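Notes follow the structure.
A short reminder: the numbers here are calculations on the coordinates, not readings from a lab. Everything numeric in this text was worked out from a predicted model, so none of it was measured. All Cβ positions, even for glycine, are placed from backbone atoms using ideal geometry, and neighbour counts span all protein chains on display.
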Amino acid sequence: MTADEFYCGSMPIYQLDPIHDPRWPKLLERDGRASVFHTRGWLESLRRSYGYDPVVFTSSAPHQDLTSGVAFCRVNSWMTGRRMVSLPFSDHCEPLVNGPDEGSEILSFLRDEVESQRLKYVEIRPLNPILEAAAGSCESGKFCFHKLDLLAGTDQIFRGLHKDSIRRKIQRAEREGLVYEKGSDRALLEKFYNLFVMTRRRHGLPPSPLYWFSNLLACLGEKAQIRIASKGGQAVAGIFTLTHKNSIVYKYGGSDMRSSNLGGTPFLFWRTIVEAKAEGLHELDLGRSDIDNEGLITFKERLGGVRSILVYRRLSKKHTQAFHAPWKSRVAKRMLSYASDSVRIQVGNLLYRHLG
C-alpha cells in the first residue's frame, strides 16, 4: 500500500493532486457531469486565495486512466475547524463516481477519514441527492437552484422572460443607450468590485476579497468574464460569469440602486444569453439562492430559470449544524450595514478564508 493508497471494504481508494495530475482535466473533459467548479482553474483560485489544499479521491490506481473522482479542499481554520469540503464557495460539485457501489465505498472511506484525521466533518455539495441514504450523513444546507435552457430559439427565450420586470427593462436599457463592456482587465474588475461592494452593503454583508476575483481571472483565463453596463461613463450594473464546456455560470453580481430604473441588470443577463447562444452553449447556470431569499428566487424565475433543490450533506462523528457566519445575525448585519466600505472589506479579507 502506497502513501496515497487506502483500503475501505474491498475497494482501494487513492488520492491525487488535481492541480498537477494530468489525468484530472482529461476526466473532466470526458465526464458530462463536470462543471467549472471541478476545474484546475477554480481549485487553484481557492488555493491561492485562501490556502486550501485541493485533493481528489478515486478508485483508479496511479498507473491507470482516471475513471472517477470526488474533489475536495482541506480547510484548516481555528474558527470553523479542520474539515474537507466539496467544494468551498462552489454552488455545487457533483461526485464523479461510477455507480452507487463505488460511491458507497468512497463514502465509507470518507467516514473513516473524519475519525482518523480528526476532522469536524466532511461536506459534499452534489447536484443530485446521492447521499440522502448514506449512513451517518446529515443535511447541512438546502438551497434553490435555477438553470435556464439555451437550446430554444432566441425569440422563444425572449418571450419567456417576464414582460414587465425583465423584457421592458431590457428595452428601457436599450433606449437609454447603456454601454456594454465585457472582458477581464483590471479596469473592468475595479468597476465590478465597486458595484459588488455596494450590493453587499445593502445586504449588510462584507464583500469577498478583491484578490479572490483577481485570482479567478488569472487562473480561469478566458473562462472568467466580467460584464458591465454603464450610463454616461458611470457603471450601473455588473455580473461575473464562468464557463465550462457547454455551460455558462452566473456567479456574482452587483448594481448601483440609484440607477436601477435603467434596467442594467436585466440588460446584462440578456446580452449574456445572446452571446452564450452564439457560442453554442447549452445552459445558463443561475446558481443557488437561499430558500428564504424570495426576491432573488423570483428574479431568476422571471429570467426563465427552472427551479430545483440543492441539498448539501455532511459526514461527521456527531450531528453538526451548518456554520453560520458571524454577520448572519440581525444585529451583526445591521452593524455591518452602517460600517464604512473599508471596514467591511477588511472584515471580508479576514474572515472569508474560514467560511468556505
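Brief remarks follow.
- For ARG258 and HIS63, a Förster radius of 56 Å and the Cβ-Cβ distance give a FRET efficiency of 0.40, rounded to the nearest 0.05.
- Extension gain, ASP101 back to GLU283 (0.36 nm per residue minus Cα-Cα distance, nm): 62.5 nm
- FRET efficiency for LYS26 and VAL274, using Cβ-Cβ distance with R0 set to 41 Å, rounded to 0.05: 0.80
- Most mobile of GLY304, GLY81, GLY233 in a GNM of the chain (Cα contacts under 10 Å): GLY233
- Between the range 255-294 and the range 146-168, the alpha-carbon center distance in angstrom: 11
- Each listed q (0.09, 0.17 Å⁻¹) maps to a log10 I(q)/I(0) for the range 210-323 from the Debye sum over equal C-alpha point scatterers, namely -0.31, -0.99.
- Neighbour net charge for LEU46 - beta-carbon separation under 12 angstrom, K R +1, D E -1: +3
- Sequence ranges 60-68, 95-103, ranked by mean other-Cβ count within 10 angstrom, highest first: 95-103, 60-68
- Backbone geometry of the range 27-32 corresponds, through the Karplus equation with coefficients 6.51, -1.76 and 1.60 at θ = phi - 60°, to 3J(HN,Hα) couplings of 5, 4, 5, 7, 8, x Hz, x marking Gly and Pro.
- Karplus 3J(HN,Hα) series, Hz, for the range 72-84 with 6.51 cos²θ - 1.76 cosθ + 1.60 (x for Gly, Pro): 9, 10, 7, 10, 10, 9, 6, 8, 10, x, 7, 7, 10
- For the cross-link pairs LYS26/LYS300; LYS26/LYS142; LYS182/LYS245; LYS182/LYS277; LYS26/LYS147, the ones whose C-alpha atoms lie over 21 Å apart are LYS26/LYS300; LYS26/LYS142; LYS26/LYS147.
- Computed extension gain for GLN117 through ARG48, at 0.36 nm per residue and net of the alpha carbon distance, reaches 22.5 nm.
- Local net charge near ASP341, Cβ-Cβ under 13 Å (Lys/Arg +1, Asp/Glu -1): +4
- ARG33 versus GLN234: modelled label distance in nm, points set 7 Å from Cα along the beta carbon direction: 4.9
- Taking LYS120, LYS142 and counting other C-beta atoms within 10 Å, the order from fewest to most: LYS142, LYS120
- Most mobile listed residue (ALA218, ALA235, ALA187) in the chain, GNM with C-alpha springs under 10 Å: ALA187
- Alpha-carbon centroids, the range 35-67 and the range 175-234: separation in whole Å: 27
- Taking only the C-alpha atoms of the range 141-256, Rg followed by Dmax gives 15.4, 42 Å.
- Calculated log₁₀ intensity ratio I(q)/I(0) where the Debye formula runs over C-alpha points of the chain, q = 0.15 Å⁻¹: -1.39
- FRET efficiency for ASN293 and HIS162, using Cβ-Cβ distance with R0 set to 22 Å, rounded to 0.05: 0.80
- Dipole-positive endmost among VAL306, ILE226, GLY254 within the range 146-310 (Cβ charges, Cα centre): GLY254
- Loop-resident chymotrypsin sites (Phe, Trp or Tyr not before Pro) (DSSP state other than H, G, I, E or B) in the range 73-128 with no more than 12 further Cβ atoms inside 10 Å of their Cβ: TRP78.
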